[in-house]
1. If you take the residues in the stretch 14-32 that are open to solvent by 40 Å² or more (accessible area, probe 1.4 Å) and not small (Gly, Ala, Ser), which one is modelled with the lowest pLDDT?
2. Restricting to the stretch 1-12, name every residue that is hydrophobic (A, V, I, L, M, F, W, C) and within 14 Å of Gly74 (Cα to Cα).
3. Going by the conditions given, is Ile146 in contact with a Ser or Thr (Cβ under 8 Å, 6 or more places away or on another chain) and modelled with pLDDT under 80?
4. What residue, of Ala283, Ala270, is over 19 Å from Tyr409 (Cβ atoms), touching a helix residue (DSSP H, G or I) at 6+ places or on another chain (Cβ under 7 Å) and modelled with pLDDT of 85 or more?
5. Select from the stretch 279-323 the residues that are of a type outside the set (Gly, Ala, Ser), closer than 19 Å to Ser139 by Cβ and open to solvent by less than 60 Å² (accessible area, probe 1.4 Å) and list them in ascending order.
6. Being modelled with pLDDT under 90, in a helix (DSSP H, G or I) and open to solvent by 10 Å² or more (accessible area, probe 1.4 Å) is the filter here, so list the residues in the stretch 94-125 that pass it.
7. For the stretch 327-362, enumerate the residues that are open to solvent by 50 Å² or more (accessible area, probe 1.4 Å) and at pLDDT 85 or above.
8. Could you check the stretch 43-57 and list, in sequence order, the residues that are under 16 Å from the mean Cα position of the chain (by Cα) and at pLDDT below 85?
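The values are calculated or read from the model by the stated rules, or taken from the named source; none is laboratory data. Just so it is clear, the model here is predicted, and its values are computed rather than measured. As a convention, Cβ positions derive from the backbone with ideal geometry for all residues, glycine included, and neighbour counts pool all protein chains shown. For the accessible areas, the whole protein counts, side chains as well, though only heavy atoms, and no ligand, DNA or RNA atoms are used. Shrake-Rupley method; radii C 1.70, N 1.55, O 1.52, S 1.80 Å.
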Amino acid sequence: MKKLVWMGSLFYLLMGFIKVTVASILTVLLPLYDRVYTDAGALIFIEFGASIFGMLIQPWLANRMSKKTMLHIGAWGVAASYLLIAFLPPWPLLLAGFAVAGFLGGIIESVIAAVILEGLQSNAAIAMSRLEVAFGVGSLLLPLAIGVLIAGGHWSCALFGIAAYCAFLSLFVRFARFGDAEPLFRPARKADSELPNAVPAGAASSGPVGAVVAAAATSHPSARDKRVRRAPGAFMLPAFVLLFFLYGATDIGLVNYLPSLMLETGMADAVNAPISVTVFWAAMIAGRMVAGYEAEKLGYRRYLFIHWTGMILLLALFAINRNPAVGYVLIVLLGLTLSGLYVVTLVYAKKLMPRNIARNTSILMAGCAIGGGLFSVTAGRMLDTLPPSYVQWMMAGIALLSLLTYVVYAKEREAAPSAEWARAQA
């Protein structure tokens, strides 16, 4: 399974590159195309929407083709898109290039997450945290590399480098062998019959096949007790979708607007404000190196409660503080606190919902992306008309909603089984 984690880390490094490419080259693209920030917003929105669509369609594709095929198509498609972007095509083709890269990146990200969560029965949080470390490294290194290349007038070399890296990833998948994990890459219907602990065939489908299988299973005479055991989780997926939506709003919004908040609150000037993102990502990477071990030691529920509570307190202090030194200390602490929330919540969801892992993973990841996108739009408009503290307190409020959602859900999870069982026996 180590090779599986290595493969996932290599692909998540690419995901880190993709997520920050637009922001990294935006200052170069806009003057070259004589565009304004409204056009930049459209570019980000198109890539963002395409990424969500890729995440959501991945389970449907997984029932029809192997995951290795999807990774090959994704890698070569991203490579072609980045080559197109590097040659500065007309603006409509540039938008199409970023849309294709976002769409295929969404597929790749959800494929890797599903394979890791399905393949690792233990220490999944540790494995996922390693993937997130690779993602953070990519998000940290690419802006620095492009910044250096922009100074020399060779920024497009970074895009050529990413295209070459995509070709390497495809070759790696082509020649790598993963032993007992090979069935994980086969189409879902075929893999289900070969994995001893797999979910029933078609269960990963988000379409009519999954519904038919579920209906057939629940109509079986022996399904009554199974319905009782599953009843407490009727609202489980919506609760986790809401958690990921709220987390995405906090995390993605914080990353996008951290320099602006530091600048508008007087904690940094225009030159030093961008450093805040570097500091935040460095803390995130450091935290992700130990997040999996911490979660396994404390237990997922306790880990999540502690870190969500810490996030609320730190965001509240960040909204109150105006001292630059304290501000950077809070940024470091926020990076450490948020570092493991995404992966640990994803693994916890997999533990509580062992069925439909591929479908659920894609839905949760899409929920996170939607939350981040909607918050980014809202926060941008607020910063144009309101003091920055309003955005800071909104983030703290969203973090509080996250904790309340988690706590209320946890209580329902504990109380519901006994009530359902009592009604079933009546």
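1. First pass over the stretch 14-32, keeping only residues open to solvent by 40 Å² or more (accessible area, probe 1.4 Å): 19, 23, 27, 31-32.
Narrowing the set further to residues that are not small (Gly, Ala, Ser) leaves 19, 27, 31-32.
On the way: Lys19: 82, Thr27: 68, Pro31: 83, Leu32: 88.
So the residue we want is Thr27.
2. As a first pass, look at the stretch 1-12 and keep what is hydrophobic (A, V, I, L, M, F, W, C): 1, 4-7, 10-11.
Those that are hydrophobic (A, V, I, L, M, F, W, C) and within 14 Å of Gly74 (Cα to Cα): Leu10, Phe11.
3. Values: in contact with a Ser or Thr (Cβ under 8 Å, 6 or more places away or on another chain): yes; modelled with pLDDT under 80: yes.
Yes: the conditions hold for Ile146.
4. Values: Ala270 fails: modelled with pLDDT of 85 or more.
After ruling out the rest, the residue left standing is Ala283.
5. Step one: list which residues in the stretch 279-323 are of a type outside the set (Gly, Ala, Ser), which gives 279-281, 284-285, 288-290, 293-294, 296-298, 300-309, 311-315, 317-318, 320-323.
Next cut, closer than 19 Å to Ser139 by Cβ only: 279-281, 284-285, 288-290.
Within the stretch 279-323, Val279, Phe280, Trp281, Met284, Ile285, Arg288 qualify.
6. If the condition is that a residue be modelled with pLDDT under 90, in a helix (DSSP H, G or I) and open to solvent by 10 Å² or more (accessible area, probe 1.4 Å), then Glu109, Glu118, Gly119 are the ones that fit.
7. So the first thing to find is which residues in the stretch 327-362 are open to solvent by 50 Å² or more (accessible area, probe 1.4 Å), and the list is 328-329, 332-333, 336, 351, 354-355, 359.
Correct list: Tyr328, Val329, Val332, Leu333, Leu336.
8. So in the stretch 43-57, the residues under 16 Å from the mean Cα position of the chain (by Cα) come out as 47-57.
Selection gives Glu47, Phe48, Gly49, Ile52, Met55, Leu56.
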